[in-house]
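Below you'll find the structure, written out as structure tokens, and then a few comments.
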Amino acid sequence: MRPHEKYRNFYYQTCEEFAPTVLDPAKTALLIIDMQNEFILRDEGEAAVFKQRGEWERWIPFHDRLDELVIPNNKRLLDYFRKNNLTVTYGRIACLRQDGLDRSPVQKSAGWNGMLLPVNSRGAQIIDELAPLPDEIVVNKTTDSVTTGTNYLTLLRFMGIETVVVTGIVTDQCVACTVRGLADEGLHVICVEDACAAGSMELHEAELKIMSVIYCDVMSTDETLALLESSLNH
């Protein structure tokens, strides 16, 4: 796929030949990353902490993007996958111990990345708008990447998945780590740019530009749905 000029990075500035993006819907999975109450809701979880610390104002654009664009586009993708009986998966930050001893050092660190989300806590649950159905796979992770320290790659292999459509938060951390992990395992990855968000648009766009072509096809929700539709009808 020819990258959008916005996401054409240094390594591909002089390249004019790109392989077309093709997929088999039956071998394609949707992966929604970290769309959890803790990070998404405006009146509890992280938002409540930001308000208490007096730094809520700088996070409002992030939450506006989530509410106005990211959640609706995730819902569109989710509805399409479900309507067509395609594979739906989730990755979420959730530790198995109440004290979080099983978390990676990154998630035990001080500051924004330090988080304690026991698996059964309210904060760990996927938001209501995107809540998984009983037969949809939810992978719990104590790392940033869905592919590290989990059985996610094994599950994809068992199900015959070749392409993963990645959405969620945050683009420059858990999404990016996962995209790279999937690509390194030989999977074709589509990162849906308007179904992801980072703390700032600067970080979001920079990370997509870094990953474009090398690790994934960066596509919009409309482009992704059109590709799936044309592939289903081929």
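The values are calculated or read from the model by the stated rules, or taken from the named source; none is laboratory data. Since we're looking at a predicted model, the values are computed, not measured. Backbone-built Cβ (ideal geometry, glycine too); neighbour counts: all protein chains shown. SASA here: full protein model, heavy atoms, side chains in, ligands and nucleic acids out. Shrake-Rupley method; radii C 1.70, N 1.55, O 1.52, S 1.80 Å.
Of the residues that make up the stretch 24-40, is at least one among the small types (G, A, S) and modelled with pLDDT of 95 or more?
yes
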Q. Looking at (1) aromatic (F, W, Y); (2) open to solvent by 10 Å² or more (accessible area, probe 1.4 Å); (3) outside any loop (DSSP other than H, G, I, E, B), which is the one condition that is false for F81?
A. (2)
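Do we have G123 as over 29 Å from M201 (Cβ atoms), open to solvent by less than 20 Å² (accessible area, probe 1.4 Å) and not in a strand (DSSP E or B) here?
No.
Looking at the stretch 5-23 only, could you name the residues that are in a helix (DSSP H, G or I), closer than 20 Å to L227 by Cβ and open to solvent by less than 100 Å² (accessible area, probe 1.4 Å)? Reasoning before the result, please.
Start the filter on the stretch 5-23 by keeping residues that are in a helix (DSSP H, G or I), which leaves 5-7, 10-12.
Next, from what is left, pick out any that are closer than 20 Å to L227 by Cβ: 5-7.
Across the stretch 5-23, the qualifying residue is only Y7.
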(Q) As an exercise: evaluate D34 against (1) open to solvent by less than 10 Å² (accessible area, probe 1.4 Å); (2) among the charged types (D, E, K, R); (3) free of Cβ contacts under 8 Å to residues at least 12 places away in the same chain and give the number of the one condition it does not meet. (A) (3)
Q.
I'm told R103 meets every condition in (1) modelled with pLDDT of 95 or more; (2) more than 15 Å from the chain's Cα centre (by Cα); (3) over 27 Å from E202 (Cα atoms); (4) not hydroxyl-bearing (S, T, Y) except one. Can you identify the failing condition by its number?
A. (1)
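Take the residues of the stretch 130-145 that are of a type in the set (V, I, T) and within 15 Å of the chain's Cα centre (by Cα): which is nearest to Y80 (Cα to Cα)?
First, pick out the residues of the stretch 130-145 that are of a type in the set (V, I, T): 137-139, 142-143.
Next, only the ones that are within 15 Å of the chain's Cα centre (by Cα) stay: 137-139, 143.
On the way: I137: 17, V138: 18, V139: 21, T143: 29 Å.
In this case the residue turns out to be I137.
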Q. Counting only residues that are buried (at least 18 other Cβ atoms within 10 Å of the Cβ) and either over 15 Å from the mean Cα position of the chain (by Cα) or not small (G, A, S) (or both), how many does the stretch 181-208 have?
A. 13
Q: Sort out for me the helices (runs of 4 or more DSSP H) sitting completely within the stretch 143-214 that have 1 or more residues that are of a type in the set (D, E, K, R), in contact with a helix residue (DSSP H, G or I) (Cβ under 9 Å, 6 or more places away or on another chain) and at pLDDT 95 or above.
A: 176-184, 201-211
Q: Note down all Cβ pairs under 6 Å where the first residue falls in the stretch 150-172 and is over 28 Å from R65 (Cα atoms) and open to solvent by 10 Å² or more (accessible area, probe 1.4 Å), the second is at pLDDT 95 or above and assigned to a helix (DSSP H, G or I), and they're at least six residues apart or on different chains.
A: G160/K27; I161/K27; E162/K27
Q: Test V175 against the stated conditions and say whether it is within 30 Å of D99 (Cβ to Cβ) and either in contact with a Pro (Cβ under 9 Å, 6 or more places away or on another chain) or crowded, with 23+ Cβ neighbours inside 10 Å (or both).
A: yes
